[in-house]
Amino acid sequence: MELLEKLKWRYATKAMNGKKVPQKKVDEIIEAARLAPTSSGLQPFEIIVVTNPEVKQEIRKIAWDQSVVTDCSHLLVFAAWDNYTTDRINKMFDLTNTIRDLKNEGWESYRQMLLNSYSQRDPEVNFNHAARQAYIAFGLAVVAAAFEGVDSTPMEGFDPDSLDKILGLREKGLRSCVLLALGYRDVEKDWLVNLKKVRKSTEDLVTFID
């Protein structure tokens, strides 16, 4: 299967060569993330695409000085809603009604159920739930990058509070979750490039219950 071969090819690139990824490939990767499934279809996150060299340099300072932050072509920041609000939930339900050109009692009852239940939860609980949805989209972006032959580096090694300040995320009701650097490997500088991929065997990873 071509996709599996691409996934065997990919790895968390440790050094990138600064080469630009064609915009069409970046668009395909972002589109894959946009199409990701999320709980109740709310898509409680945004993706910030950073290409500005000065901004990337600032991010590198609070991301353990990882070179891929500045040497990558595009740096994707996945930022989740800081909370589920009435406006946010209604906006997505209204969008669904508009796109599908229908309203029904069951769907509207489900809307009210979410509005009632999410409003009673602690904001931190809601953020963590939203962050998990962002990670689903992040995973699809990783897969899409591999499919497009683009190297990527998933990164949790950064100070989220500092990153939120750099990008002004808190003012938008967002909190950063995870980064994905897109680019092309530097085969001379990346110590990981020629090492074999290490994964658990299927037997150790998967339990089948018939």
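For the stretch 172-189, state whether one or more residues are charged (D, E, K, R) and in a helix (DSSP H, G or I).
Yes, there is a match, as at least one residue in the stretch 172-189 is charged (D, E, K, R) and in a helix (DSSP H, G or I).
Any residue at all in the stretch 35-54 that's more than 19 Å from the chain's Cα centre (by Cα) and in a helix (DSSP H, G or I)?
yes
Select from the stretch 103-144 the residues that are in contact with an Asp or Glu (Cβ under 7 Å, 6 or more places away or on another chain) and surrounded by 15 or more Cβ atoms within 10 Å (Cβ to Cβ) and write down the one among them that is farthest from GLY18 (Cα to Cα).
Among those residues, the one meeting the criterion is PHE127.
In the stretch 160-210, what residues are closer than 23 Å to PHE127 by Cα, surrounded by fewer than 20 Cβ atoms within 10 Å (Cβ to Cβ) and among the polar types (S, T, N, Q)?
Matches in the stretch 160-210: SER162 only.
Assuming LEU7 fulfils every condition listed in (1) assigned to a helix (DSSP H, G or I); (2) under 24 Å from HIS129 (Cβ atoms) apart from one, which condition is it?
Only one criterion in (1) assigned to a helix (DSSP H, G or I); (2) under 24 Å from HIS129 (Cβ atoms) is unmet by LEU7, namely (2).
Being more than 16 Å from GLY173 (Cα to Cα) and among the polar types (S, T, N, Q) is the filter here; which residues of the stretch 91-119 pass it?
THR96, ASN97, THR98, ASN104, SER109, GLN112, ASN116, SER117
Do the conditions hold for SER109, that is, is it over 30 Å from GLU2 (Cα atoms), of a type in the set (Gly, Ala, Ser) and touching a residue at least 24 places away in the same chain (Cβ under 8 Å)?
no
Do we have ILE62 as closer than 24 Å to ASP186 by Cα, touching a residue at least 24 places away in the same chain (Cβ under 8 Å), under 13 Å from the mean Cα position of the chain (by Cα) and surrounded by fewer than 20 Cβ atoms within 10 Å (Cβ to Cβ) here?
When the stated conditions are applied, ILE62 does not pass them.
Hey, can you tell me all the residues within the stretch 37-52 that are farther than 16 Å from LEU179 by Cα and either aromatic (Phe, Trp, Tyr) or surrounded by fewer than 16 Cβ atoms within 10 Å (Cβ to Cβ) (or both)?
PRO37, SER39, GLY41
Read the figures in this text as sums done on the coordinates, not as results from a lab. The structure displayed is predicted, hence computed values, not measured ones. Cβ atoms come from the backbone with ideal geometry, glycine included; neighbour counts cover every protein chain shown.
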